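The structure appears right after this line, and notes come after that.
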Amino acid sequence: MNDTGFALRSELRAQRELLFARFERDGNVERLLRGLSRAVDRLLDDVIRGARLPAGATLVAVGGYGRSELFPHSDVDVLILLAAEPDPEGQAALEKLIGVLWDCGLHLGHSVRTLPQCWDEARGDATVMTSLLESRYLAGDKVRYAEFCRGLIAILDPQSFFRAKLLEQQQRHTKYQDTPYALEPNCKESPGGLRDLQTVLWVARAAGFGTSWNELFRRDLLTREELVMLRQQLRNLKQIRAHLHWAAGRREDRLVFDIQQAVASAMRIKPTAARRASEVLMQRYYRTAKVVTQLNTILLQNIELKLFPPSDAPTVALEAPFLARNELLDIDADDAFERHPNALLRAFVLMAQHRELKGMSVRLLRALWHARFKIDARFRRDPVNRATFIELLQQPLGVLHELRRMNQWSILGRYLPVFRRIVGQMQHDLFHLYTVDQHILMVVRNLRRFAQAQYAHEYPLCSQLIADFERPWLLYVAALFHDIAKGRGGDHSDLGARDARRFCRAHGIARDDTDLIVFLVRHHLTMSQVAQKEDIADPDVVRSFAKLVGTDRRLVALYLLTVADVRGTSPKVWNAWKARLLEDLFRQTRRLLGGEAAPASAELEGRKQEALRVLRLYGLSESAHEPLWSQLDVVYFLRHAARDIAWHARALVAHVNADKPIVRARLAPSGEGAEVLIYARDQKYLFARLCGYFDRSNLGILDAKIHTTRHGYALDTFLITDNGRSPHYRELLTRVEKELTDWIAAVAPLPEPVKGRLSRHSRHFPVSPAVYLQPDERGRQYLLSLTATDRVGLLYAITRVLAQHEVNVHTARINTLGERVEDVFLIDGAVLATNKGQIQLEQALLEALTP
């Protein structure tokens, strides 16, 4: 780098720092962007005076730089227009110029074209046309620049350009999962980001409707209220992006976890009692993105109507003030909601009832959006409106679509103020994938799918249960309220239950149905917790749960809501293993509630008989199982299903007193993962060593059952997964059988655990390690509950600590929710006999859990 380049680079850096310091003081983001652009203008002017452009060349700013809108680390896009292809001397001059610009510290995006080349590329590529439309003269031949602009206008087809940009937007939205509510949204490219507003101006410019929001307002494409709202949301997005660039020190348009807190601090956003500053920032962002999505829809539809005037199709009158026109629901006049305020909710009921309608007209959408503030306390108290909302929930089709539409256009949050509080609220718990409002609607979606025949194959039991459930819309009310109190502090289940009771009373819901809804909201986590954290093979656990539920109707409703809720958190959380646990708990509890509960001996005998029936199918003699079964106690048979008992017997009847370890593996009957059976003489630290093997092999443990026979053999089973890495599970089964047999036989000291690295998500939203040790009701054994951030080797680290303190593990419930671990062990050992020993064990476990 020469001295001139170094001096210009230093000067540019100093100007940027001064501009950003002023921005931090006054918050004027428009002045910052213009100032950064002008700083680059001055630098280019200095460089060109020294390096000089080739003869006849023109330097043109394009893209964001062309509209004088540079963010701190945006690319500086320039076009060098030439009269003809450069000769060697001209080529050398261009290379020197571009080299100097890079030396000056510009993030340069440059192209060198002749006029015909520009026009040809713009004609065939809407993205190129977009960049060139936002051009600005910088230096060189002004006549050539004017000719360049006239040529672009001549080849521009506004209708084709509109279609291309609309398709481009659809593709971009698809790339970002069609939602503004991602955990780490791109504030430029995601739905509801800056690009959605830029797209509107691009198609408006191409159509000749204007180049600024003021011009669109003057052409009646925007109302004054929309103009004010748009400017506010645009300013919000620009401020976030400017702070994001500066905090990252590079071009970074994603609000990644690493930077969210820094951006919130830079924007002087304060935490609340229940939410950190980054969560407040993200809720502000999501609400901004939601409004941008609304405005994008309204404006693009308005522009489309002007570019593609619809034919005079006949209208069909519906109930006043609605009519159907061009397959869209429309209103008879712009003041429809002034004359019929109750129609604000009726619009969504009609959309659910008239499936032939493809959507709402732009006039109706705009009227809805502008009339949303009519939904006030008086509106909510109106019995007609309350009945209309319940009527929507009772529709056979379209309930989910219309609730989503109500949320998108801010009607749902206006009607249910408690819902409005959780719109765009993040859930930093490592396993919820969606904001609270989107999760709630996802749970409603899952419940609706249970009721639709085309989805019956997904969860046949749920589909059967909901088909027989009277008034399934009550479940939708429970779903709407189950997480509605998130972020307030306190127990969200209890607070949500209070909100649900108020809603039910206000809407005239019968007392029994109200009690059901309140019960579901208050206990929406209970069934999952019992199934995943307690031993449901223990009759006392099931009896306690049945006593809490009380009736078959409540049990069915809670089961349906629980499945829908767990499925609605994240694809990572739901799996066949959890489905089986919940179904087993449901069936066992239903037998108790139905008065069909059999004594433990009958249940035990039933499992044995079913297992014997399976063994006979495989040709085993009537007495082949006896040597093994005589060594197994009641707990074993109550803890394992009949098909598992039969599999164990088939594998072990010839090896009851084997000297060498026996390891067998099979595909899990649930279809997810593999089951591994280990049978060997019990040895010190065996459970820890088994966990060490699975961790070393990078295999996840979903469940584990530990049992010791009467004659001192360990009979342990594990449900494992390789998280889809191996396309051939058969090879995995063979490898596990061979390697694990050798691993057990080669008795060796426990190696030091490796503290695996945390994911980026976990580093910024860690789960505080926690250890809970409680004696069981009999006081003979202890329930050990552990909570921590998941990482490679964590389970082995836990079991190693237990082995070192000579703690015996009787059962293990391994539960991973996203990147949050919640494991439960039933243990005993001499160390637990004293308070001092318990504290030492807890401290050692906390150290192992701490990353």
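Between the Cα long axis of helix 224-248 and the first principal axis of the chain there is an angle of about 70°, rounded to the nearest 10. Using equal-weight Cα scatterers in the Debye expression, the normalised intensity of region 379-452 in log10 at q = 0.16, 0.19, 0.21, 0.24 Å⁻¹ is -0.64, -0.86, -1.00, -1.18. Straight-distance candidates among the lysines for linking to Lys270, with alpha-carbon spacing under 16 Å and chain neighbours fewer than 8 residues away dropped, are absent. In vacuum, with every alpha carbon of region 336-480 counted as one equal point scatterer, what does the Debye formula give for log10 I(q)/I(0) at q = 0.20, 0.21 Å⁻¹? Two decimals, please. With one equal scatterer per Cα and no solvent, log10 I(q)/I(0) is -1.31, -1.39.
Using 18 Å as the Cα-Cα cut-off, could you pick out the over-long pairs in Lys165/Lys306; Lys238/Lys306; Lys306/Lys358; Lys165/Lys238? Write down the numbers at each step before the final one.
Values: Lys165/Lys306 16 Å; Lys238/Lys306 29 Å; Lys306/Lys358 20 Å; Lys165/Lys238 22 Å.
The pairs that break the limit, which is 18 Å between Cα atoms, are Lys238/Lys306; Lys306/Lys358; Lys165/Lys238.
Taking 20 Å as the straight-line reach from the Cα of Lys547, the lysines in range (excluding those fewer than 8 positions away in the same chain) are Lys533. Between region 93-118 and region 139-191, the alpha-carbon centres lie 22 Å apart.
For the chain, with all protein chains in place and a probe radius of 1.4 Å, 50% of the accessible heavy-atom surface sits on carbon or sulfur. Considering region 65-218 at the alpha-carbon level, its Rg and Dmax are found to be 17.4, 53 Å.
For the chain, the 222 nm mean residue ellipticity estimated from helices alone, with every DSSP H stretch of n ≥ 4 adding -39500 (n - 2.57) and the total spread over all residues, rounds to -17500 deg cm²/dmol. Once both labels are positioned 7 Å from their Cα atoms along Cα-to-Cβ, the gap between Ser265 and Lys142 label points is 5.0 nm. The Cα-based radius of gyration and maximum Cα-Cα distance (Dmax) for the chain are 33.3, 102 Å. Centroid-to-centroid, using Cα positions, region 301-331 and region 773-851 are 65 Å apart. Binning the alpha carbon pair distances of region 668-726 at 5 angstrom intervals from zero yields the distribution 4, 17, 28, 22, 15, 8, 4, 1, expressed in whole percent. Remark on region 422-549: hydrodynamic radius 16.0 angstrom, per the Kirkwood mean of 1/r across alpha carbon pairs. On the basis of the beta-carbon distance and an R0 of 51 Å, Lys608 and Ile390 show a calculated FRET efficiency of 0.50.
Averaging 1/r over each pair of different alpha-carbon atoms in region 331-398 and inverting the result gives 12.6 Å, the Kirkwood hydrodynamic radius. Computed from the C-beta positions of Arg591 and Arg730 and an R0 of 45 Å, the FRET efficiency is 0.75 to the nearest 0.05.
Quick check: net charge around Gly208, other residues with Cβ under 11 Å of its Cβ, Lys/Arg +1 and Asp/Glu -1?
Once all neighbours under 11 Å are counted, the net charge is +2.
Compared with the dominant principal axis of the Cα atoms in the chain, helix 511-522 is inclined by about 80°.
What does the net charge come to around Leu43 if you take all other residues with beta carbon closer than 12 Å to its beta carbon, with K and R at +1 and D and E at -1?
Once positives and negatives cancel, what remains is +1.
For the chain, the solvent-accessible area with a 1.4 angstrom probe is 44 square angstrom per residue. In the chain, the longest principal axis of the Cα atoms and the axis of helix 343-353 are about 60 degrees apart.
The values are calculated or read from the model by the stated rules, or taken from the named source; none is laboratory data. Everything numeric in this text was worked out from a predicted model, so none of it was measured. Note: ideal-geometry Cβ built from the backbone for every residue, glycine included; neighbour counts use all protein chains shown. All accessible areas refer to the heavy atoms of the entire protein, side chains included, with ligands and DNA or RNA removed. Shrake-Rupley method; radii C 1.70, N 1.55, O 1.52, S 1.80 Å.
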